[in-house]
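What follows is a single structure, written as structure tokens, with notes after it.
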Amino acid sequence: MRPFSDQDLEDYILERLSESDSLALKSALAQNPDLQQRLREIQVNIDQAEHLGALKMKKKLEGIGEKFHQKRAEAARPRRMWWIAGAAAAAVLLFLTAQFFFLSSPSTQDLFAQHYQSYPLPFNQRSNEAADKKLIDAGSYYRKGDFQQAIPLLQELVTADSEDSRLYLALGISHLEAQEAPQAIEALAPLIARSDTLYLAQAHWYTALAHLQLADVFSCKKELQWLATQAEGFKKIEAVQLLKELE
């Protein structure tokens, strides 16, 4: 597997990588926590640059607005073709306003923070006494928000009982909370593959958010589109809203 540069990571965030390179980078991210950290740092830098650009654009708009009003105040002194200059100034102002709103649009990390919420899950006891102890402990850690402690227990429980869909969902959400989006996607994939699980819609939603955390807008939209096409159910309305925000 080839090494990925900061430029590759930036191109991935901005959707400039080829499909094959994007898939290769996704695979690398799933196995490399250092690469995940570099991706998050570059996302932060991009967000900061966009914010700075928005501030500069705002100052430009304010300056142009002042000049425009000054010209209107001077209208008492007739000038030939003044309406052309005014129309041109208005056109420039409209263009810069559009640019300002574009630069001010929320980043993928902002959208993740706005839409992410953990999901309450039942951790009922089962017949296996040893498994019950792990289940109780995992449920306790999950409810307290101690996801780093919950993850290894949930992983053991999933390995022991591959039919319990709530364990996959709890594991995926715990990885998301721990800023481990690739592992979250991997944990939720079996639920999506089954297609008849009780937590299918939840699996699609949290997989979409995991892709959003990775700034993979294309894959995020695919999961949201599945939710948006359902007749009714979990997060349908919010999925439609998030799709609009990602346009």
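No lab work stands behind these numbers, since they all come straight from the coordinates. As the structure is a prediction and not an experimental result, all values here were calculated from the model. Here the Cβ positions follow ideal geometry from the backbone for every residue, glycine too, while neighbour counts run over all protein chains shown.
Worth pointing out:
- Remark: the stretch 112-245 carries a charge dipole of roughly 320 debye about the Cα centre, counting +1 on each Lys and Arg Cβ and -1 on each Asp and Glu Cβ.
- Relative contact order for the stretch 138-190: 31 percent, from Cα pairs under 8 Å spaced at least 6 residues apart, divided by residue count.
- Each residue of the stretch 157-171 was assigned a 3J(HN,Hα) from its phi angle through the Karplus expression (A = 6.51, B = -1.76, C = 1.60, θ = phi - 60°), giving 5, 5, 5, 6, 9, 6, 9, 8, 5, 5, 5, 5, 5, 4, 5 Hz with x at Gly and Pro.
- Cα principal axis extents for the stretch 102-237, largest first, Å: 56, 30, 20
- Residues 10, 19, 41 in ascending order of nearby Cβ atoms (within 10 Å, fewest first): 19, 41, 10.
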